[in-house]
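Everything below concerns the one structure shown next.
The values are calculated or read from the model by the stated rules, or taken from the named source; none is laboratory data. The shown structure was predicted, so the numbers you read here are calculated from the model rather than taken from an experiment. Every residue, glycine among them, receives a Cβ derived from its backbone with ideal geometry; neighbour counts consider all protein chains shown. The accessibility values were calculated without ligands, DNA or RNA, using every heavy atom of the protein model including side chains. Shrake-Rupley method; radii C 1.70, N 1.55, O 1.52, S 1.80 Å.
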Amino acid sequence: MFGILGGLKRAAGRRRRAVVLVLVALGFLLVPVSARADGASCRELYFPVTLVALPQTMHGTLCVPPGGANTVQVLIPGGTYNSSYWDIGYQPEIRSYRLAMNNAGYATLALDRLGTGGSSTPPSAVLTTITEAAVVHQVIQAVRSGAQGPRFGKVILAGHSFGSGTASIEAATFHDVDAVLVTGLAHRLNLTGTTAVFASTYPAVLDPRFARGGYDVGYLTTVPGSRYSIFHAPGPKVDGAIAFDEATKDTSAYEQAADLFPVGIIAPYSLLIDRPVMVVLGQDTVFCGLLATDCASAGGIKTSETPYYAAGADLTTYALQGYGHAINYAPNAPDYFKAVIAWADRKVGR
């Protein structure tokens, strides 16, 4: 069922993307606001952006809690994920980061990285962590100015995995956010786990879901049926959650993957972040383990990560027990959501 729904959603997304590109080119786009059952007001936004001189469109879903919000969390998904990672449809009361933050009084803007979801698909060769960070910067300027509707006074930039790398570079380069949330990313790799991830990918054009999506050979996705072992283990295998992940999987560019191996491009930038940072890791087979990051406790993560941030950096850490890389899917994800809310309240405020 999830596979059929995923295929239908992607086909509809391609049609919607084509219409949106025309409307953006003409300089206008009507964006309806819809009310969620939880009370949040959500709208689809399409940001005209420039990627190394190429006009593109970045899609995001903005959800504002009842009564509005002064602070927005801009959310960047990881490789082979899109914005659905932040608003998981299977048992959302447990796994939806968007829902938890809206309930806490924060607005959320969940982005589709370029080449995923409702965003446009540029040539893969120009998609790197640095170029993506420049595009996200343009989005942040838009939400601060109110160019796409609501205007927000404060911005928390949050990422997962590759998205965390993008968030780190954006914050270090442009200094235009109030805090940075880094999830699913550390500066030391577990080579065995990393190799397993790369072994479970192949060119997106070989996948029936993406064969007609306009992707060039530089885009990759995961081999069908592989996501539990590379993104969720050692967590419990909840069939509905894994099926949702498989049904909503997306693409990445090989250039982006290369940026994180061996996370060398991120380290010089993380030293330049001058805002509060929170790092959250599960028991991640990509980043945790012997000679890699100590993910057994918040203290272990802090000891491992502190050398990669400026002396005296405002660094908070959290270890989510019992789950792997894709921590929003964890049955105990609400524990980490609460920790993020407490951190955001202390460092930024609503």
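Just one of the listed residues (Met58, Met101) is within 27 Å of Leu260 (Cβ to Cβ) and not in a helix (DSSP H, G or I), and it is Met58.
When Asp207, Asp284, Asp250 are checked against the criterion of being in contact with a strand residue (DSSP E or B) (Cβ under 9 Å, 6 or more places away or on another chain), of a type in the set (D, E, K, R) and closer than 30 Å to Ala342 by Cα, Asp284 stands alone in meeting it. Picking from residues in region 235-265 that are among the small types (Gly, Ala, Ser), modelled with pLDDT under 80 and more than 17 Å from the chain's Cα centre (by Cα), the one that is nearest to Leu281 (Cα to Cα) is Gly264. Look at region 60-71: where a residue is crowded, with 20+ Cβ neighbours inside 10 Å and a partner is β-branched (Val, Ile, Thr) and assigned to a loop (DSSP other than H, G, I, E, B), sitting 6+ places away or on another chain with Cβ atoms under 8 Å, you get Thr71/Val348. None of Val155, Val180, Val217 is open to solvent by 40 Å² or more (accessible area, probe 1.4 Å), in contact with a strand residue (DSSP E or B) (Cβ under 8 Å, 6 or more places away or on another chain), of a type in the set (A, V, I, L, M, F, W, C) and at pLDDT 95 or above except Val217. Quick check, is Gly165 closer than 22 Å to Thr316 by Cα and open to solvent by 10 Å² or more (accessible area, probe 1.4 Å)? It is false that Gly165 is closer than 22 Å to Thr316 by Cα and open to solvent by 10 Å² or more (accessible area, probe 1.4 Å). Beta carbons closer than 8 Å, at least 6 apart along the sequence or on distinct chains, pair a first residue in region 172-190 that is on the phi > 0 side of the Ramachandran plot with a second that is of a type in the set (Asp, Glu) and in a loop (DSSP other than H, G, I, E, B) for His175/Asp274; Gly184/Asp284.
Among the residues of region 250-265, are any more than 30 Å from Arg212 (Cα to Cα) and not in a loop (DSSP other than H, G, I, E, B)? Scanning region 250-265 turns up no residue that is more than 30 Å from Arg212 (Cα to Cα) and not in a loop (DSSP other than H, G, I, E, B).
Cβ separations smaller than 7 Å between residues 6+ apart or across chains give the following pairs from region 274-290 residues that are without any contact (Cβ under 8 Å) to a residue 60 or more places away in the chain to residues that are of a type in the set (Gly, Ala, Ser) and surrounded by 21 or more Cβ atoms within 10 Å (Cβ to Cβ): Gln283/Gly324.
The set of residues from region 284-313 being open to solvent by 40 Å² or more (accessible area, probe 1.4 Å) and touching a Gly at 6+ places or on another chain (Cβ under 6 Å) comprises Thr285, Asp294.
For Gln321, the conditions (1) closer than 25 Å to Lys347 by Cα; (2) in contact (Cβ under 8 Å) with a residue 24 or more places away in the chain; (3) open to solvent by less than 60 Å² (accessible area, probe 1.4 Å) all hold with the exception of (3).
What do you reckon, is Ile130 within 16 Å of the chain's Cα centre (by Cα), surrounded by fewer than 21 Cβ atoms within 10 Å (Cβ to Cβ) and on the phi < 0 side of the Ramachandran plot? When the stated conditions are applied, Ile130 passes them. Taking the conditions exactly as written (farther than 25 Å from Thr195 by Cα and of a type in the set (Phe, Trp, Tyr)), does Tyr309 satisfy them or not? When the stated conditions are applied, Tyr309 passes them.
Let's see how each residue does on (1) of a type in the set (Asp, Glu); (2) modelled with pLDDT under 95; (3) part of a loop (DSSP other than H, G, I, E, B):
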| site | (1), (2), (3) |
| --- | --- |
| Val280 | no, no, no |
| Gln283 | no, no, yes |
| Leu291 | no, yes, yes |
| Ala296 | no, no, yes |
| Lys302 | no, no, no |
| Thr306 | no, no, no |
| Tyr323 | no, no, yes |
| Ile341 | no, no, no |
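Looking at region 37-55, which of the residues that are among the hydrophobic types (A, V, I, L, M, F, W, C) and in a strand (DSSP E or B) is most open to solvent (accessible area, probe 1.4 Å)? Per the criteria, the residue is Leu54. Only a single item in (1) modelled with pLDDT under 95; (2) assigned to a helix (DSSP H, G or I); (3) open to solvent by 20 Å² or more (accessible area, probe 1.4 Å); (4) within 21 Å of Phe231 (Cα to Cα) is not met by Pro268, and it is number (4). For region 72-98, residues that are open to solvent by 10 Å² or more (accessible area, probe 1.4 Å) and assigned to a loop (DSSP other than H, G, I, E, B) total 6.
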